[in-house]
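The structure under discussion appears below in the form of structure tokens.
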Amino acid sequence: MEIVFSEKCLEYSYFGHVESPERVREANEILLEFGYEFTEPRVTFQEDLLRVHTRDWVRRVEKGGFFDGDTPGAKNIYEYASLSAGGAMKAAEIGGFSLLRPPGHHAGKAGRALGASSLGFCYFNNIAVAVKSLEEPTLILDIDGHHGNGTQEIFIGDPKVTFISLHQSPQYPGTGLISEKNCLNFPLPYGTGDQTYLKTLDSAFKRINWKSIEMIGISAGFDAHQGDIASLGLTSDCYRKIGEKIRNLGKEVFGVLEGGYMGENVALDLHNLIQGLER
């Protein structure tokens, strides 16, 4: 599985912010040592973004400035957010993994989604942009430790997309407590652990009509790892087993980085996920 990456995503930062370039820089360096092949993201056009977001929101990000305490507006944030969306589209095209920032799954159609208090470090919903660019029947599996409220808002009721989210609760953004329509939510307590998490994933997969799915897009946040900010007590071995379960479904797969704020763990968890997918 090729990794989509550009050093440009390391250019912006916010002092003292957990969503720092270091988390991706360190992960990238370790994955290079493992021997992965890297490729550049594709160009993102406004029409790509407008398949997902309102014109007013795209213009708002383009304008820049301050958004909220969690999601400040770095200079040229539109360029960085567009780059990350382009990485997701490239990953979907080649069956790869986009290792770019900023993340995206909290961004709704017009910014903040489903009553959240902030944008949660997100500007454009990268995986939604990627899925819309392909227009294939897709399962989005969100394994970030936080609920993908923006992704749910964008796709709820969409006949071509099924959304599954396993996430810590209670936790930001406070959504995803129940399943609705095509959006299947599995809130889990802090410290859930590998065994219960994997059993929950099995239960989620049993609820899917796999004949109607052609593609799986993974919103791969690694902040459910032990000690991270939305910990479910998961180990790197759990991510390998997640990959194996996805591989056994026999579908095309791509992935997009969401959270995960300990760079070494991001690299090892992603490596194990890919090993599971490819074994």
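So how many residues does segment 30-44 have that are touching a Lys or Arg at 6+ places or on another chain (Cβ under 8 Å) and among the acidic types (Asp, Glu)?
1
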For a quick check of your reading of the model, give me the residue pairs whose first member lies in segment 24-49 and is of a type in the set (A, V, I, L, M), whose second is assigned to a loop (DSSP other than H, G, I, E, B), with beta-carbon atoms closer than 7 Å and at least 6 apart or on different chains.
24/99; 24/101; 27/99; 49/124
Taking residue 229 as meeting all but one of (1) of a type in the set (A, V, I, L, M, F, W, C); (2) farther than 26 Å from residue 87 by Cα; (3) within 17 Å of the chain's Cα centre (by Cα); (4) in a loop (DSSP other than H, G, I, E, B), write down the number of the exception.
(2)
Considering residues that are farther than 22 Å from residue 116 by Cβ and in a loop (DSSP other than H, G, I, E, B), the number found within segment 13-32 is 2
Taking segment 152-180 and keeping only residues that are of a type in the set (A, V, I, L, M), surrounded by fewer than 19 Cβ atoms within 10 Å (Cβ to Cβ) and farther than 13 Å from residue 113 by Cβ, one is left with 177, 178
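Looking at residue 72, is it in contact with a His (Cβ under 8 Å, 6 or more places away or on another chain) and without any contact (Cβ under 8 Å) to a residue 60 or more places away in the chain?
For residue 72, the condition - in contact with a His (Cβ under 8 Å, 6 or more places away or on another chain) and without any contact (Cβ under 8 Å) to a residue 60 or more places away in the chain - is met.
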Subset of segment 247-279 [among the aromatic types (Phe, Trp, Tyr) and either free of Cβ contacts under 8 Å to residues at least 40 places away in the same chain or farther than 11 Å from residue 216 by Cβ (or both)]:
261
Would you please list the contacts, defined by Cβ atoms under 6 Å and residues six or more apart or on different chains, that run from a residue in segment 77-94 that is surrounded by 23 or more Cβ atoms within 10 Å (Cβ to Cβ) to a residue that is among the hydroxyl-bearing types (Ser, Thr, Tyr) and part of a helix (DSSP H, G or I)?
89/133
Run down 239, 261 and say which single residue is farther than 14 Å from residue 97 by Cα and buried (at least 24 other Cβ atoms within 10 Å of the Cβ).
239
Taking the conditions exactly as written (closer than 30 Å to residue 275 by Cα and either touching a helix residue (DSSP H, G or I) at 6+ places or on another chain (Cβ under 8 Å) or buried (at least 18 other Cβ atoms within 10 Å of the Cβ) (or both)), does residue 50 satisfy them or not?
no
Whether any residue in segment 134-157 is among the β-branched types (Val, Ile, Thr), in a helix (DSSP H, G or I) and modelled with pLDDT of 95 or more is what I want to check.
yes
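So that you can scan it fast, the table gives a plain yes or no per residue for (1) in contact with a Pro (Cβ under 6 Å, 6 or more places away or on another chain); (2) at pLDDT 95 or above; (3) under 20 Å from residue 140 (Cα atoms):
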| residue | (1), (2), (3) |
| --- | --- |
| 27 | no, yes, no |
| 38 | no, yes, no |
| 86 | yes, yes, yes |
| 93 | no, yes, yes |
| 96 | no, yes, yes |
Which residues, counting only those in segment 103-126, are in contact (Cβ under 8 Å) with a residue 60 or more places away in the chain and out of contact with any helix residue (DSSP H, G or I) (no Cβ under 6 Å at 6 or more places or on another chain)?
103, 115, 121
Does any residue of segment 188-208 turn out to be assigned to a loop (DSSP other than H, G, I, E, B), on the phi > 0 side of the Ramachandran plot and surrounded by 14 or more Cβ atoms within 10 Å (Cβ to Cβ)?
yes
Report yes if residue 267 is of a type in the set (A, V, I, L, M, F, W, C) and either within 13 Å of the chain's Cα centre (by Cα) or closer than 23 Å to residue 41 by Cα (or both), otherwise no.
yes
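The values are calculated or read from the model by the stated rules, or taken from the named source; none is laboratory data. The structure displayed is predicted, hence computed values, not measured ones. Virtual Cβ from ideal backbone geometry, glycine too; neighbours counted across all protein chains shown.
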